[in-house]
Amino acid sequence: MIPPGATLGLMGGGQLGRMFTQAAQRMGYEVVVLDPDPVSPAGRIAARHLQASYTDRQALTTLGSLAQVVTIEFENVPAEALAFLRHRCPVRPGPEAVEITQDRIVEKTFIRAQGLDTAAFVPILSETDIPAAAAEIAGPAILKTARHGYDGKGQAPVETPAEILAGFRAFEGQPCILEERVTLEREISVVLTRGSTGALVTLPVAENRHVNGILDSSVVPARIPDAVAGRAREAAGQLAAAMGFVGTMAVEFFLAQGDRLLVNELAPRPHNSGHYTLDACATDQFEQQVRAVTELPLGDATLLFPVTMVNLLGDLWATGTPRWDEALRDPRVHLHLYGKAEPRPGRKMGHLNVFAETPDQALTAALAARARLISPT
């Protein structure tokens, strides 16, 4: 057990790292952040910010000497950096688990190896793979880069071999997958925390809506049958155990017709769809991450009331500073901003958590509060 008062290392300094740092500080820990951004949201509030590349050996050596344990806030931390750090201090999650999630081909193959379903997919490593891939995944499909895709980036809807070829070339010949375009009833996610002894806590299932590939809202509890939610939690726990995962992670699912549950993606760190926990759960996802990586007992994941999280993108600043007073005149609204100085279209600047008596009422209230930021009523 790594007791409060110790120093925790964090690879990555974005908004997830900022909220992890705040949770760690509340519990009496200090945090050292390694991130190349001089104004990273987490680096600005941490005890120390090592401004360097994630592969900078000197910075990694310093981080490993200062921290009693190192964790991550985004999945594309180079696995070799985590392997280097592991010779100096514990790293949770380990590089093997993180590496699975960094490549869609590896990730989906791993998921299927656990006996779980994904949407049909075919790897495309070169242009010569396209005819066979198009024959196997016929009709509407999505071309996705195997690595470094997030928030809708690195994805293109395609239908014909010519469109697949054009998309592959637009992605500069990077390895890709061609994935069937599934008719969805819902998109859901499970955020869980797993300790080094195998102790597991799964948070309530979130029902997610995306706009332009970016998460727009999460309704909790998800408006799905209890049996489906139970299957999702069980599948998420199964994947975490198979990875030997330690920390907080998210598993995204497609819910297709006939309550067919398909695993979409794994995120080996706290997740945007888990932000509702900051106000609506007995223990939020970031405190759970702190507890897991320091080997403290995991917290109570009870949902205190129905809630909706809505993202606040930089677009809201297009006509001036948002009207925070208008959103907050509803006392059920909780505002979280990420300390980013420059709002840009599509950039996540913060979120609102809004609770109510039912999930539907929480969604209505959250959308109305966000709308008032620009058009007060």
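Read the figures in this text as sums done on the coordinates, not as results from a lab. These figures come from a predicted structure and were not determined experimentally. Neighbour counts are summed over all protein chains in view; Cβ atoms, including those assigned to glycine, are modelled from backbone coordinates with ideal geometry.
Some notes on this structure:
- Residues whose amide H comes within less than 5 Å of that of Met349, counting only those at least five positions distant or on another chain, are Leu312, Leu313, Gly314 (H built at 1.01 Å from N in the peptide plane).
- For Ala199 and Asn76, the FRET efficiency from 1/(1 + (r/R0)^6), where r spans their Cβ atoms and R0 equals 22 Å, is about 0.20.
- In this structure, the amide hydrogen of Arg181, modeled 1.01 Å from its nitrogen in the peptide plane, lies closer than 5 angstrom to those of Ala141, Ile142, counting only residues at least 5 positions away or on a different chain.
- Three-way shape label, segment 126-273, alpha-carbon gyration tensor, a/c 1.5: prolate
- Annotation for segment 160-204: GluC sites (Glu not before Pro) lying in DSSP loop with at most 11 further Cβ atoms inside 10 Å of their Cβ are Glu172.
- Contour excess over end-to-end distance, with Cα ends at Glu172 and Thr109 and 0.36 nm allotted per residue: 20.3 nm
- Approximate spin-label separation Leu337-Thr128, in nm, with each point projected 7 Å along Cα-to-Cβ: 5.6
- Top positive-direction residue, dipole computed over the chain with Cβ charges, set Pro270, Ala241, Pro123: Pro270
- Straight Cα distances below 24 angstrom link Lys108 to the lysines Lys144, Lys153, with same-chain residues fewer than 8 positions distant left out.
- Cα gyration tensor, segment 184-372 - rounded (a/c under 1.5), prolate or oblate: prolate
- Per-residue 3J(HN,Hα) values for segment 89-98, derived from phi via the Karplus relation 6.51 cos²θ - 1.76 cosθ + 1.60 with θ = phi - 60°, read 6, x, 10, 9, x, x, x, 5, 5, 5 Hz in sequence order (x marks Gly and Pro).
- Checking every one of the trypsin sites (Lys or Arg not before Pro) in segment 138-204 against DSSP loop status and a limit of 15 other Cβ atoms within 10 Å picks out Arg147, Lys153, Arg181.
- Near the amide H of Arg186, within less than 5 Å, lie the amide hydrogens of Leu255, all on another chain or at least 5 residues away, with H placed in the peptide plane.
- Taken one residue at a time, the phi angles of segment 305-316 give Karplus couplings (6.51, -1.76, 1.60, θ = phi - 60°) of 6, x, 8, 10, 9, 10, 6, 10, 8, x, 4, 5 Hz. Gly and Pro are set to x.
- Think of it as helices only: each DSSP H run of n ≥ 4 in the chain is worth -39500 (n - 2.57), and spread over all residues that comes to -8500 deg cm²/dmol at 222 nm.
- Over the chain, Cα pairs under 8 Å with separation of 6+ residues give a relative contact order of 14 percent.
- Tensor-based shape of the chain (alpha-carbon gyration tensor, a/c under 1.5 rounded, otherwise prolate or oblate): rounded
- Taken about its Cα centre, the chain carries a charge dipole of roughly 820 debye when the Cβ of each Lys and Arg holds +1 and the Cβ of each Asp and Glu holds -1.
- One Cα centroid belongs to segment 180-221, the other to segment 36-91; the line between them spans 27 Å.
- Positive-end extreme of charge dipole, the chain - chosen from Ala301, Thr101, Thr21 (charges on Cβ): Thr21
- When only Cα pairs below 8 angstrom with a gap of at least 6 residues are kept, segment 235-360 shows a relative contact order of 21 percent.
- Within segment 274-377, the GluC sites (Glu not before Pro) that combine a DSSP coil assignment with at most 15 other C-beta atoms in a 10 angstrom radius are Glu357.
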